[in-house]
Amino acid sequence: MAEMVKLFVNGEEVEVEKGKNLIDAIGAVGIEIPHLCYHPALGADGNCRMCLVGIEDGRPPLVPACKTPAHEGMKVLLDADHIKKIQRDVMELELINHPVDCPICDQAGECKLQDYYMQVDLEESRMRVPQVKKGKNKDFGCGVVHDQERCVLCGRCVRFTRQITETGELGIVNRTDDARVTIFPGRPLDNRYALNIVDICPVGAMTSKDFRFKQRVWFLNPEKGICHGCSKGCNIFIDHNREKYKDDIIYRFRARQNDLVNGYFICDEGRLSYHRENEGRLVNPLIEGKETEFDEALQRIQDELKAARKPLFMISPNATLEQMWAVKRVATLYGAQCSGFSDSYIKPGDGDDYLIQDDKSANRRGLELLDIDTDKESFVKALAECDLLVSFRNDLFRFGGGADYREQVESKKILVVSSHVNDLVARSVVALPIASFSEYGGSIVNVDNVLQQFVPAVKKNSPPKDIVEITRLLGGAVKDDAQAWPGMKTQVKELADVDPDQIPEQGLQLISDSEEAHVTA
Ligand code: SF4
Ligand code: SF4
Ligand code: FES
């Protein structure tokens, strides 16, 4: 538990964390100190001077809040005239050579320069000399485009490549009003986290090729979500929008801070995986490859299940705990074996020692907790014995895998419940479209045993059903996510003390080798 101190902000007493810099300490109680160069993940650089505040009696000299720790009884002054004047002076300096092209800038609406100008400045430029011209639309690699004229030289991007990725591709060259951020000749950005630079650039100087000119940010609805790109389960914002006469679609994923899971950043692959939520979707129910009605396809699945002698249910390692539990329960109804075998989701050697994991599924740990077999040998044996294979979104040939069991799988009668078109769908007798992770909610456990919950973000015009609902329609006992919990709590010792309504936003660290779970938040 952090030590707290009482201090005064503009004469008002607030309680803040001792020793934290004033931007973070006071920011935690909802008071923002304007700043450009400071970022909590990168530390204080002290170069922009936008965060100057008065201390004690409020007279100059002023101090940078990003470099001043909070202590007991401190008197912090933010709103005195001389502080406002300093902020206006900094803004004027930043804007001398700035193109002020907000109408065509992707950052408009989430730009600190724009925000602070509206908050503290609102003055017309006094400069009557030609502006210094610098580079525009510079392709820095990894999908990052740089505009040197919009840059305020805060150095966040440079520090990111030095401190976080330790790849050091960026630097600031030249001096005074000719200073600019650049890559070294012939050495573009080359790391798997480069698009975080777009998030941390406080202005529109770093933009994403993928997102540029697609949407004005004020039309986007940001929802909290969890990336399903690998077993890290990084926290994201899902920015989506339903334009008139169109369906609700996702325009970008952005990093969302979670100190227990991913800190402030996400990888580029996960960030761009939103495309998969929009594209390649299984939209219509299919019987033997021909489009049909949902009820007809469901009826055919029920008929096939009743007729089967020995069905095998395959569960995706991306399914939520609730979905896994519901499938496991309905499997007993049809005398089916259950397998979570999904080796094709693993890319050996692809992970790194930061966020990216080899396992490209979000809830393999959930399969283990619910005692669903993931062993290859058992799967191959069950496959040989079964006369009907039912896949609940388990893509057995993901990333081109499964060469050694493909023939055997394809010799079976296959029923598929899937959010996306894949090889298994192409081979299926019946394929039923379902929701993908941005459209449903539930609980998942990441590679570090952190239990996290998420809620539906995207609401399609014709919302696809999720796996729990499909199992209910097949006669399963689990009617919704809440109904899965009493059973899971009884059978899984790690979940026994978990209250699903009280899981903290940043997740719950499960203790795997005891009957207790505790909150590390
Ligand atoms: S490009 Fe953005 S992050 Fe980098 S120095 Fe310029 S303003 Fe700062
Ligand atoms: S590290 Fe994994 S969970 Fe995190 S953003 Fe990348 S793919 Fe997604
Ligand atoms: S944020 Fe403190 S000097 Fe830039």
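The values are calculated or read from the model by the stated rules, or taken from the named source; none is laboratory data. These figures come from a predicted structure and were not determined experimentally. A quick note on method: Cβ atoms are made from the backbone with ideal geometry, for glycine too, and the neighbour counts reach across all protein chains shown.
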query: In segment 62-79, which residues are small (Gly, Ala, Ser) and touching a strand residue (DSSP E or B) at 6+ places or on another chain (Cβ under 6 Å)?
result: Ala65, Ala70
message: Take the residues in segment 146-170 that are surrounded by fewer than 16 Cβ atoms within 10 Å (Cβ to Cβ) and on the phi > 0 side of the Ramachandran plot; name whichever of them is farthest from ligand 2 (Cβ to nearest atom).
response: Gly168
- prompt: In this structure, does Val283 turn out to be farther than 15 Å from Phe454 by Cβ, part of a loop (DSSP other than H, G, I, E, B) and either outside the structural domain of Phe454 (by TED's automatic domain parsing) or touching a residue at least 40 places away in the same chain (Cβ under 8 Å) (or both)?
  reply: yes
field: Glu92 being touching a residue at least 12 places away in the same chain (Cβ under 8 Å), among the charged types (D, E, K, R), outside any loop (DSSP other than H, G, I, E, B) and within 30 Å of Asp147 (Cα to Cα)
entry: yes
- request: Please enumerate the residues belonging to segment 67-89 that are of a type outside the set (S, T, N, Q) and in a loop (DSSP other than H, G, I, E, B).
  value: Ala70, His71, Glu72, Gly73, Met74, Leu78, Asp79, Ala80
statement: Val173 passes all but one of the listed conditions (1) under 28 Å from Asp210 (Cα atoms); (2) buried (at least 16 other Cβ atoms within 10 Å of the Cβ); the exception is number (2)
- request: Give the residues of segment 179-209 that are buried (at least 17 other Cβ atoms within 10 Å of the Cβ) and away from ligand 1 (no atom under 16 Å from the Cβ), sorted by residue number.
  value: Arg192
- line: Note: among Leu321, Leu333, Leu355, Leu305, just one is aliphatic (A, V, I, L, M) and surrounded by fewer than 18 Cβ atoms within 10 Å (Cβ to Cβ), namely Leu333
Those residues of segment 87-123 which are under 22 Å from Lys214 (Cα atoms) and among the basic types (Lys, Arg), in sequence order: Lys112
- request: Looking at (1) part of a helix (DSSP H, G or I); (2) closer than 19 Å to Leu396 by Cα, find the lone condition where Asn318 falls short.
  value: (1)
task: For residues that are out of contact with any Ser or Thr (no Cβ under 6 Å at 6 or more places or on another chain) and under 16 Å from Leu396 (Cα atoms), scanning just segment 338-352, find the one that is surrounded by the fewest Cβ atoms within 10 Å (Cβ to Cβ).
output: Lys347
- prompt: For Thr471, which of the numbered conditions (1) farther than 18 Å from Leu367 by Cβ; (2) at pLDDT 95 or above; (3) hydroxyl-bearing (Ser, Thr, Tyr) fails to hold?
  reply: (1)
message: Among the residues of segment 116-142, what is the count of those that are surrounded by 13 or more Cβ atoms within 10 Å (Cβ to Cβ) and hydroxyl-bearing (Ser, Thr, Tyr)?
response: 2
Tally, over segment 202-257, of residues that are over 17 Å from Glu269 (Cβ atoms) and either out of contact with any Pro (no Cβ under 7 Å at 6 or more places or on another chain) or modelled with pLDDT under 95 (or both): 31
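Here is a yes/no grid of residues against (1) touching a helix residue (DSSP H, G or I) at 6+ places or on another chain (Cβ under 9 Å); (2) farther than 30 Å from Ser231 by Cβ; (3) within 16 Å of ligand 2 (Cβ to nearest atom):
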{"position": "Asp295", "(1), (2), (3)": "no, yes, no"}
{"position": "Leu298", "(1), (2), (3)": "yes, yes, no"}
{"position": "Pro311", "(1), (2), (3)": "yes, no, no"}
{"position": "Gln323", "(1), (2), (3)": "yes, no, no"}
{"position": "Gly340", "(1), (2), (3)": "yes, no, no"}
{"position": "Asp343", "(1), (2), (3)": "yes, no, no"}
{"position": "Pro348", "(1), (2), (3)": "no, no, yes"}
{"position": "Asp358", "(1), (2), (3)": "no, no, yes"}
{"position": "Arg365", "(1), (2), (3)": "no, no, yes"}
